[in-house]
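The values are calculated or read from the model by the stated rules, or taken from the named source; none is laboratory data. Source: prediction; values computed, not measured. Ideal geometry is used to build each Cβ from the backbone, glycine not excepted, and the neighbour counts take in all protein chains shown. Just the protein is used for accessible areas: all its heavy atoms, side chains included, with ligands, DNA and RNA removed. Shrake-Rupley method; radii C 1.70, N 1.55, O 1.52, S 1.80 Å.
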Amino acid sequence: MVNHESDIFKSKITFYVLACWILAAFGGLMFGYDIGISGGVTGMDDFLIKFFPKIYERKIHASENNYCKYDDQLLQLFTSSLYLAALVASFFASRSCSLLGRKPTILMASTFFIAGAVLSAAAEMKWMLIMGRILFGIGVGFGNEAVPLFLTEIAPAEHRGAVNILFQLFVTIGIFIANLVNFGTSMVHPHGWRLSLGLAAVPAAILFLGSLIITETPPSLVERGKAAEGKAALLKIRGVNDVEAEFQQIVAACEQARQVKQPFKKLLKRSSRPPLIIAIALQIFQQFTGINAIMFYAPVLFQTLGFKTDASLLSSVITGLVNVSSTFVSIYAVDKVGRRLLLLQACVQMFVSQLAIGFILHFHLKETGSLDKTLSAVVVALVCTFVMSFAWSWGPLGWLIPSEIFPLETRTAGFAFAVSSNMVFTFLIAQAFLSMLCHLQAYIFFFFSAWIFVMGLFVAFLLPETKGIPIDLMTERVWKQHSVWNKFFKDEGNRSYEL
Ligand code: BGC
């Protein structure tokens, strides 16, 4: 699993390739903006009065149980409907990525985002609101499928981790911007929430224009029979005159991939299981860290802890900032220390943080009343140490690793399973969190820490290191060399190409 000298193909970081990375990463910003905007909007009185008057009534009865005042299935459906739409859309996006390419799929994503932003900002009735969310969700399904694959495929192997993490960096920037926007629009009455939802059109428009400028990825071009264009694209993104060796590796991977007519069927084969299990497990685990309980509901959560509306929005701005800045650690470290170390270190830090939050709330936050000032500050600090470690590990690597471990023939199909698993579990947490908070109270943090413990074991024993390995050599160098996963290749004999 060592990096072979000959794998390091020559490349330069040109202005054009940098532009491609950043423009595509705007797909991440859209996803992040949405994650960050919903919690704030559902906490705004004007929004609640217009669409959810009963919850508003409940909210103003201050004596109500702290843990339960926001528990409402419909309100949660507003937040989570997007993820259901994204879940279904990611499979269509996989087909579109294979048949049409990564670039047009990103273009489609931006179009759905724009439509979703316009409809939700103009919403007069609940159905318009939900429709807007669904359009947005389709955008997320298309964007989250195509962008990480795009970044992984155009990055040179030795910087692949860092380049792919631009997606996650933009997710965190999107969340942060959304927190700031909510902070400002919560003071604009009565239409602040419209601004919050509608402003998503700005990054969506940038993504739209960007998707016209970016290149198609060389593997996607070659796979679709456009070898000459693929080579030209490779020359352009590598910025050097000689790309022959890398090009030949892509051609070889494509030849193999072209034999596979039904990638989803091929995924069911025994030899496809190792990357499939890892990709799905990483995404499920990513959600069971409990990150989105904090990201979606930070303002609501901080209000639950007894902060006033402004103070709670401010606290979520702080966590947003921690989220962005810690992602840089990952960009710097991922291709140096590797994926496994980042994930394992983070498990320890997240485990301790969640446990400590749980204990403080369990012993000090009564059903009514609030935490005292010092303890509240400690809880905010613990939320920050939790978010920090997520941001340099499970956040970015949940997207990076599934995008780099599949061979070309099953890459878009396999990655669609990763995206959709993320969406299912994001949906479940978004839908269930407020009810869980109401019923489990502080135990919810113990629930997440138990998961984090399991995740640590999973990484320790089952996750191979993929740092620096060219993506087209993963099967030979990673899966077939791993003491557990190599068994899945033992009785394969010759690969069967009839699928
Ligand atoms: C996750 C999101 C999460 C975000 C937080 C992403 O990697 O997929 O669910 O909200 O990170 O930064």
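Within the bounds of the range 387-403, is there any residue that is modelled with pLDDT of 90 or more, away from the ligand (no atom under 16 Å from the Cβ) and open to solvent by less than 10 Å² (accessible area, probe 1.4 Å)? No, the range 387-403 contains no residue that is modelled with pLDDT of 90 or more, away from the ligand (no atom under 16 Å from the Cβ) and open to solvent by less than 10 Å² (accessible area, probe 1.4 Å).
Take the conditions (1) in a helix (DSSP H, G or I); (2) over 30 Å from residue 481 (Cα atoms); (3) touching a residue at least 24 places away in the same chain (Cβ under 8 Å); residue 370 misses just one of them, which is (1). Selection of the range 194-242 for residues being out of contact with any Ser or Thr (no Cβ under 7 Å at 6 or more places or on another chain), within 23 Å of residue 110 (Cβ to Cβ) and hydrophobic (A, V, I, L, M, F, W, C) yields 199, 200, 201, 202, 205, 206, 209, 212, 213, 214, 221. On the stretch given as the range 446-467, residues that are over 21 Å from residue 277 (Cα atoms) and either open to solvent by 10 Å² or more (accessible area, probe 1.4 Å) or free of Cβ contacts under 8 Å to residues at least 60 places away in the same chain (or both) total 2. Selection of first residues in the range 218-237 that are within 14 Å of residue 252 (Cβ to Cβ) and of second residues that are in a helix (DSSP H, G or I) and open to solvent by 50 Å² or more (accessible area, probe 1.4 Å), restricted to Cβ pairs under 7 Å at least 6 apart or on distinct chains, gives the following pairs, ordered by first then second residue: 223/258. Do we have residue 249 as touching an Asp or Glu at 6+ places or on another chain (Cβ under 6 Å), surrounded by fewer than 21 Cβ atoms within 10 Å (Cβ to Cβ) and not hydroxyl-bearing (Ser, Thr, Tyr) here? Yes.
Mind checking whether some residue in the range 289-297 is modelled with pLDDT of 90 or more, within 16 Å of the ligand (Cβ to nearest atom), hydrophobic (A, V, I, L, M, F, W, C) and part of a helix (DSSP H, G or I)? Among the residues of the range 289-297, at least one is modelled with pLDDT of 90 or more, within 16 Å of the ligand (Cβ to nearest atom), hydrophobic (A, V, I, L, M, F, W, C) and part of a helix (DSSP H, G or I), which makes the answer yes.
Per the conditions (1) of a type outside the set (Gly, Ala, Ser); (2) at pLDDT 95 or above; (3) more than 16 Å from the ligand (Cβ to nearest atom); (4) open to solvent by less than 10 Å² (accessible area, probe 1.4 Å), the sole criterion not satisfied by residue 55 is (2). Residues being within 16 Å of the ligand (Cβ to nearest atom) and either open to solvent by 40 Å² or more (accessible area, probe 1.4 Å) or assigned to a helix (DSSP H, G or I) (or both) are entirely absent from the range 468-480.
Assess whether residue 162 counts as being touching an Asp or Glu at 6+ places or on another chain (Cβ under 7 Å) and modelled with pLDDT under 95.
Details: touching an Asp or Glu at 6+ places or on another chain (Cβ under 7 Å): yes; modelled with pLDDT under 95: no.
Answer is no for this residue.
Scanning the range 417-432 for residues that are open to solvent by 10 Å² or more (accessible area, probe 1.4 Å), modelled with pLDDT under 95, within 16 Å of the ligand (Cβ to nearest atom) and touching a Phe, Trp or Tyr at 6+ places or on another chain (Cβ under 6 Å) turns up at least one hit. Of the residues making up the range 252-287, those that are away from the ligand (no atom under 16 Å from the Cβ), buried (at least 19 other Cβ atoms within 10 Å of the Cβ) and small (Gly, Ala, Ser) number 4. For the range 193-209, residues that are in a helix (DSSP H, G or I), buried (at least 22 other Cβ atoms within 10 Å of the Cβ) and either small (Gly, Ala, Ser) or without any contact (Cβ under 8 Å) to a residue 40 or more places away in the chain (or both) total 2.
Against the conditions (1) more than 16 Å from the ligand (Cβ to nearest atom); (2) open to solvent by 50 Å² or more (accessible area, probe 1.4 Å), residue 303 satisfies every one except (2).
Scan the range 303-329 for residues that are modelled with pLDDT under 75 and part of a helix (DSSP H, G or I) and the total you get is 7.
Kindly provide the set of residues from the range 447-471 that are farther than 16 Å from residue 394 by Cα and touching a Leu at 6+ places or on another chain (Cβ under 7 Å), ordered by number. Scanning the range 447-471 gives a single hit, 447. Selection within the range 100-127: residues that are modelled with pLDDT under 95 and of a type in the set (A, V, I, L, M, F, W, C). The member of this set that is most open to solvent (accessible area, probe 1.4 Å) is 127.
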